[in-house]
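Down below is the structure, laid out as structure tokens.
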Amino acid sequence: MDLEAARNAVFVSCDIVSHGDDPDHSRQLERIKSLNGCIADACGERFGRDLVWASGGDGGHLALFAEDKCEFGLRLVARLYSWASETKRGHDNQAVGLRLTVHLGPASVIRGADGRHELVGDGINVCGSLLKFGRPGVALATSSFRDLCESLRESGDPLFGKLSFHREQQVYLKHDRAAIVMPMSIEGMI
């Protein structure tokens, strides 16, 4: 992986809603282990090659740099959505609330203090900031991600035929920076 050069990546960010409000440490531990297991199963050997994971404690951010970043990002969002639907919070037997966002933007990869890869740049900043606008059960996409997917519709991949982007809205991130976002669905998946 080329370190430090800014490149466009698809970012998938996730956040477990109210994770820190659960006083039961063992439930918190099991949820995070389960989420990490889901991500590890989905991403496997791609880590470090064309995919970087940045843990956020109760979720995190995946940067996908490969040519198939749009398709892989969609499949990853669907897999995380499925994980949340099937995973119980614990005490009330309700499904885990998971906010999901997806974005296309630039980032650099640097070697962090502990030797692992870290992400720096607008791509991760935007995708992570959008989590606060997300709702459990809804995958929120940016206009840049939508435009990438729309440009690939003619590729013949049946996944793009099942993809829909819904009513867009403008939200404001830090420092009054605007972003155009919309809910995204994939027929039969999310």
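Data table
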read-out: Within the stretch 149-188, tally of residues that are of a type in the set (Asp, Glu), open to solvent by less than 90 Å² (accessible area, probe 1.4 Å) and assigned to a helix (DSSP H, G or I); value: 1
read-out: Complete set of residues in the stretch 62-84 that are crowded, with 20+ Cβ neighbours inside 10 Å and among the charged types (D, E, K, R); value: Lys69
read-out: Every residue from the stretch 126-148 that is small (Gly, Ala, Ser) and either surrounded by fewer than 19 Cβ atoms within 10 Å (Cβ to Cβ) or part of a strand (DSSP E or B) (or both); value: Ser129, Gly137, Ala139, Ala141, Ser143, Ser144
read-out: Pairs where the first residue, in the stretch 155-179, is touching a residue at least 40 places away in the same chain (Cβ under 8 Å) and the second is outside any helix (DSSP H, G or I) and exposed (fewer than 10 other Cβ atoms within 10 Å of the Cβ), C-beta under 8 Å, 6+ apart; value: Val171/Ala178; Ala179/Gln170
read-out: Any hit, the stretch 14-29, residues being at pLDDT 90 or above, of a type in the set (Asp, Glu) and in contact with a strand residue (DSSP E or B) (Cβ under 7 Å, 6 or more places away or on another chain); value: yes
read-out: Pair list, Cβ under 8 Å, 6 or more apart: the stretch 52-71 residue without any contact (Cβ under 8 Å) to a residue 24 or more places away in the chain and within 12 Å of Val109 (Cβ to Cβ), other residue assigned to a strand (DSSP E or B) and open to solvent by less than 10 Å² (accessible area, probe 1.4 Å); value: Trp53/Gly60; Trp53/Leu62
read-out: Residue tally, condition in contact (Cβ under 8 Å) with a residue 60 or more places away in the chain and surrounded by fewer than 22 Cβ atoms within 10 Å (Cβ to Cβ), over the stretch 89-125; value: 13
read-out: Odd one out for Glu4 among (1) surrounded by 11 or more Cβ atoms within 10 Å (Cβ to Cβ); (2) modelled with pLDDT of 80 or more; (3) within 19 Å of Arg116 (Cα to Cα); value: (1)
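The values are calculated or read from the model by the stated rules, or taken from the named source; none is laboratory data. Values in this document were obtained by computation on a predicted structure and should not be read as measured data. Heads up, the Cβs are rebuilt from the backbone with ideal geometry, glycines too, and the neighbour counts pull from every protein chain shown. In case anyone asks, the SASA skips ligands and DNA or RNA and just uses the protein heavy atoms, side chains included. Shrake-Rupley method; radii C 1.70, N 1.55, O 1.52, S 1.80 Å.
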